[in-house]
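Here's the structure we're looking at; comments come further down.
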Amino acid sequence: MTQTETNVDDGAGNEELEQTDGTSRSDKSWYVIQAYSGYENKVKLSLEERIKQAGMENLFGEILIPKESVSQNRSGKKRVVSRSFYPGYIFIQMDLTDESWHLVKATPKVSGFIGGRHPSPVPQPEIDVITAQVEHGKVPINPKVSFEAGDHVRVTEGAFANYTGTVEEVNPEKQKVRVLISVFGRATPVELDYAKVEKTV
């Protein structure tokens, strides 16, 4: 079955190509790329600059680094800091072509796409859930709970809600645990507040 293309006026005097099956070439899918942890913001800026320099803005949409605001006490002073929900991961909306794939893959501090050369797109409902959690996220109050390495836990809130995993490391001073969970088909260590996990039997 072949597809034909027609020029469609967008109402502003511009035209875009539309396929006869009703899908527009401007429709983009979400993919996940893995970056060096701690360099997510720099990677985002580099991607935006490289896309602009290459004149490939039409192939890319949003670049999303889901974050949450958390309260920290340092030296007796309380401050709110921004922290990534998915350390080392960036969501990017794009038309996947050889050119766009190579542009992203060749960006400094980018390890590659989750899924390799032929990554699978993240369903839009999952993206909607992530953005909603970021918009309505709350800073939890740390309860007096103890965990040990090897404990099996379930994440109760946040972007990883209902994920299960195993505690790798415990930081009682910061009331945090490092949990190994499966994210996008890969075993990934994630640092979480005590208040966001519960032990499972």
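Read-outs: derived from the displayed coordinates by stated rules, not from any lab. As the structure is a computational prediction, the values presented were derived from the model and not from experiment. Cβ: placed from backbone, ideal geometry, glycine included. Neighbour counts: every protein chain shown.
Rounded to the nearest 20, the Cβ-based charge dipole of segment 140-201 about its Cα centre (Lys and Arg +1, Asp and Glu -1) stands at 100 debye. Going by a ≥ b ≥ c, the root eigenvalues of the Cα gyration tensor, does segment 140-201 fall in the rounded group (a/c under 1.5), the prolate group (a/b larger than b/c) or the oblate group? Verdict is prolate for segment 140-201. Each label point is 7 Å from the Cα along the Cα-to-Cβ direction; what then is the distance between the points at ARG79 and GLN53, in nm? In this crude spin-label approximation the distance works out to 3.2 nm.
Among VAL177, GLY158, PHE147, whose Cα projects farthest towards the positive end of the dipole of segment 140-201, with charges put on the beta-carbon of Lys, Arg (+1) and Asp, Glu (-1)? The Cα lying farthest towards the positive end belongs to GLY158. Sequentially through segment 149-161, phi angles give Karplus couplings (6.51, -1.76, 1.60; θ = phi - 60°) of 4, x, 5, 8, 10, 10, 7, 9, 7, x, 5, 9, 3 Hz, Gly and Pro residues having no value and appearing as x.
Subtracting the Cα-Cα distance of HIS152 and ASP95 from 0.36 nm times their residue separation leaves 16.6 nm of extension gain. Amide H to amide H, with H built 1.01 Å from N, PHE85 comes under 5 Å of LYS67, GLU68, counting only residues 5 or more places away or on other chains. For each pair in LYS67/LYS109; LYS44/LYS77; LYS174/LYS199; LYS67/LYS176, compute the distance between the two Cα atoms and list the pairs where it is over 27 Å. LYS44/LYS77, as the Cα separations exceed 27 Å there.
Electrostatic bookkeeping for TYR31 treats Lys and Arg as +1 and Asp and Glu as -1; over the other residues with beta carbon under 13 Å from its beta carbon, the sum is 0.
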